[in-house]
Amino acid sequence: MGVQQNYIGGKWTDGVAAKDNVNPSDLNDIIGSYAQADAHGVTAAVDAAKAAAYGWNRSTPQQRYDVLEFVGNEIMARREELGRLLSREEGKTLPEGIGEATRAAQIFKFFAGEALRIQGEKLASVRPGVEVEITREPVGIVGIITPWNFPIAIPAWKIAPALAYGNCVVFKPADLVPGCAWALAEILSRSGLPEGVFNLVMGRGSVVGEAILNADALGAISFTGSADTGKHVAATCAGRLAKVQLEMGGKNPFVVLDDADLNVAVNCAVNSAFFSTGQRCTASSRLIVTEGIHDQFVKAMSDRIDTLKVDDALAEGTEIGPVVDESQLKQDMDYIEIGRQEGAKLVGGDRLKLAKDGYYMKPALFTETTNDMRINREEIFGPVASVIRVKDYDEALAVANDTSFGLSSGIATTSLKYASDYKRNAEAGMVMVNLPTAGVDYHVPFGGRKGSSYGPREQGRYAAEFYTTVKTAYTQP
Ligand code: NAD
């Protein structure tokens, strides 16, 4: 198979190098070879977008609807195939991969509808005879930089609103998962978009990403990834006064109160901490449990860890796929060692050797931990969670909020009083009651507070805040 190329100015274009896409479930399985651009590739993409921007910024809602509906329909029709590709390159289980592809389709179809519903306001002026109109216009050209852990949903929830609101796009996916990004670009290339409106530039963050951040013509940058890279993105964008939107890491708490239904609590905690191999920004890694239910909860969690099936992401019955790559697996293992040295007790956490050579590990649960340990302060981004014992609800809430992050925050309780109080006082962008911290709807805002997010919210109607700019026009008829 040849090298899958970049898509720039409506043409498939070679890079300066190529990189293999390796299946983390089976290191002998090479999914394909993908072009790697350099800074010149970014310049070509930005120039193509500049040439296309005037026309696309003025496209009709119907043109935008037709493009987004086409993309959504095709992803939906091919969700099993795309979900399989996703699981093969990223390592989440096949049902999770198909679920993510389905969600990407739904996002495109949602924003197809939003293209028809862009609203403005008309007001009477304070001056006699004058009319005032407030309209939303496209920002212009948007740079989109995405992480590896949601290879199709995150590109979808940035690209779809960017196009719906009339912007051109220069898109750089994470190096580890070019397969889904390329497949999405291939669908977009047949969607009826004028050339140059959408551009795919694959390659390294330090090269391609950096060139995107510094391209003056890009009036807005939407980034999802780690907190350290995010801070660099924000500083670079501030330096040239570009609009910026960051979604970053989490250290999400899940509180279990004495009055919780134990099954609900354990199911939510296992899902939140270990599904998708714990590689979700909304994963809960701190399980904050009150004294009365603590021992039962730890026993039930430990029993479940023993039965969770870790295997090839594509194999039937797999519950936990591999870690995405060697360096992430090393990071997970390093934190297992750090937790041990900090004095926590460990269940699971072993490196697994299976029939296929892949990056497998058994989910890990630390118990007898305190919130000041490094394992409870730093994002690990693997199937590793800690139990923190607290005496009552007030202490649980205080510990839940005692973190530099603020993305998602969950609680298991049957008390209306505590559920209501938690929804009001959890310092997070998203709160879940008797639900896992991960797993969100596609038609409502997504994002966090503190070190987890910066700038306007993503998804739902709130996406308009980032992808449009407001104009106020005065008329004396
Ligand atoms: P990362 O920060 O390493 O990379 C993210 C993207 O930025 C990649 O495309 C990368 O190539 C690019 N990049 C790297 N250096 C760059 C630079 N100097 N300039 C421009 N771009 C650069 O993150 P990752 O390892 O791919 O993803 C994991 C992280 O993403 C975790 O911290 C996770 O919590 C976070 N995440 C957050 C959300 C959310 O919505 N809050 C969702 C998913 C993942």
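What the table below lists for this structure:
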| item | result |
| --- | --- |
| Carbon/sulfur fraction of accessible area - region 41-176, other protein chains in place, 1.4 Å, % | 54 percent |
| C-alpha long axis of helix 153-164 to longest principal axis of the chain, angle in ° | 20 degrees |
| Gain in span if fully extended, E326 to D303, counting 0.36 nm per residue against the direct Cα distance | 5.5 nm |
| Ordering of 92-103, 337-348, 418-429, 126-137 by burial proxy (mean other Cβ atoms within 10 Å per residue, highest first) | 92-103, 418-429, 337-348, 126-137 |
| Dipole magnitude (debye, nearest 20) for the chain, charges at Cβ of Lys, Arg, Asp, Glu | 1220 debye |
| Förster radius 35 Å - calculated FRET efficiency between R190 and A238, Cβ distance, rounded to 0.05 | 0.40 |
| Selection from V139, A112, S33, by position along the positive dipole direction of the chain (Cβ) | V139 |
| Listed residues G343, T290, G278: farthest to the positive end of the dipole of region 252-433 (Cβ charges) | G278 |
| Separation of the T60 and R461 label points, Cα + 7 Å toward Cβ, nm | 2.5 nm |
| Stretchable slack from D392 to A51, in nm (0.36 nm times residue separation minus alpha-carbon distance) | 116.7 nm |
| Leading residue at positive end of dipole, the chain (Cβ point charges), from W157, N167, G209 | N167 |
| Portion, in percent, of the accessible area of region 252-433 that falls on carbon or sulfur, probe 1.4 Å | 47 percent |
| Nearest-0.05 FRET efficiency for D372 and R351, computed from C-beta distance (R0 35 Å) | 0.80 |
| Euclidean distance between Cα centres, region 396-426 to region 343-376, Å | 25 Å |
| Residues V16 and V470, FRET efficiency given R0 of 56 Å [Cβ-Cβ distance, rounded to 0.05] | 0.90 |
| Per residue accessible area in Å² of the chain, where ligands, DNA and RNA are left out and the probe is 1.4 Å | 39 Å² |
| Listed pairs K109/K172; K11/K50; K345/K391; K172/K423; K158/K330; K231/K423 exceeding 26 Å between Cα atoms | K172/K423; K158/K330; K231/K423 |
| Gain on full stretching of the segment that runs from S206 to R127 - 0.36 nm per residue minus C-alpha separation | 23.1 nm |
| Angle in degrees between helix 178-189 and the longest Cα principal axis of the chain, rounded to the nearest 10 | 30 degrees |
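The values are calculated or read from the model by the stated rules, or taken from the named source; none is laboratory data. Here the structure is a predicted model, which is why all the values come from computation and not from measurement. A quick note on method: Cβ atoms are made from the backbone with ideal geometry, for glycine too, and the neighbour counts reach across all protein chains shown. Surface accessibility is based on the protein's heavy atoms, side chains included, excluding ligands, DNA and RNA. Shrake-Rupley method; radii C 1.70, N 1.55, O 1.52, S 1.80 Å.
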